[in-house]
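Below is one structure, written out as structure tokens; the observations come after it.
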Amino acid sequence: MSIQPIRLFGDPVLVTPAIDVVDFDKELRTLVADLTETMLEAPGAGLAAPQIGVGLRVFVWDIDDALGHLINPTLDLSEELQEGEEGCLSFPELSYETPRAFRAVAKGWNMHGEPVTIEGTELLARCLQHETDHLNGILFIDRLSSAERKVAMKEIRQSEWFGLAASSGSSPMIKVSPHDPFGRGV
Ligand code: ZN
């Protein structure tokens, strides 16, 4: 197990759709452990495999003191929406009001290849949507209105970290003070 560098916005891996896990083997269990350890260290509320440079459909979360992970997820969403601030470990120190479904049911597999269903509202639902988006190469700024996205992009371009990801090939580790997109980034 090891803590991995978190890729920042600008890294192409973040906009590349991840592929399904086929082998539920020891390497997968190591990936889940690395994701979990990296998320806890950040600290974050969730982390998807592309955020550590691995293009597989795997993510982890830490919500309400419960750790979880899900592999090859599919999502069912409520029509009812929720409002709330959202952030992302790949966008240090930034958060935006991001509309999401209030309730989500995620189906997938655990690292042992057993089918699991995760049902959540509010924060957990938001996290399941945010992380599944990561697996599809979709980022939370893509969920903003075009006007809000413009504001966000301006702040991103002005941020200290922007440009580091693309220029260095792999993202540097950046320590930031814990911010407040539901307490932690995802
Ligand atoms: Zn994220």
2 or more residues more than 16 Å from the chain's Cα centre (by Cα): qualifying strands (runs of 3 or more DSSP E) within the range 50-155: 66-77, 103-109, 115-121
Residues that are in contact with a Ser or Thr (Cβ under 8 Å, 6 or more places away or on another chain) and among the aromatic types (Phe, Trp, Tyr), drawn from the range 37-73: 59
Residue match in the range 158-174 (condition: buried (at least 20 other Cβ atoms within 10 Å of the Cβ), of a type in the set (Val, Ile, Thr) and either within 13 Å of the ligand (Cβ to nearest atom) or at pLDDT below 95 (or both)): no
The range 134-148 residues that are more than 10 Å from residue 98 (Cα to Cα), paired with ones that are within 11 Å of the ligand (Cβ to nearest atom) and part of a loop (DSSP other than H, G, I, E, B) (beta carbon under 9 Å, 6 or more apart): 134/88; 134/90; 134/186; 139/9; 139/88; 139/90; 139/91
Tally of residues being of a type in the set (A, V, I, L, M, F, W, C), in contact with a Pro (Cβ under 8 Å, 6 or more places away or on another chain) and either more than 15 Å from residue 12 (Cβ to Cβ) or near the ligand (Cβ under 9 Å from one of its atoms) (or both) across the range 41-55: 0
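Would you call residue 180 outside any strand (DSSP E or B), within 16 Å of the ligand (Cβ to nearest atom) and modelled with pLDDT of 95 or more?
Against the criterion (outside any strand (DSSP E or B), within 16 Å of the ligand (Cβ to nearest atom) and modelled with pLDDT of 95 or more), residue 180 does not qualify.
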Selection within the range 95-110 - hydrophobic (A, V, I, L, M, F, W, C) and buried (at least 21 other Cβ atoms within 10 Å of the Cβ): 104, 106
Single residue of 63, 138 found to be open to solvent by 40 Å² or more (accessible area, probe 1.4 Å) and β-branched (Val, Ile, Thr): 138
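The values are calculated or read from the model by the stated rules, or taken from the named source; none is laboratory data. Every value quoted in this text rests on a predicted model; they were computed, and no experiment measured them. All Cβ positions, even for glycine, are placed from backbone atoms using ideal geometry, and neighbour counts span all protein chains on display. Quick note on the areas: whole protein, heavy atoms, side chains included, nothing else; ligands and nucleic acids left out. Shrake-Rupley method; radii C 1.70, N 1.55, O 1.52, S 1.80 Å.
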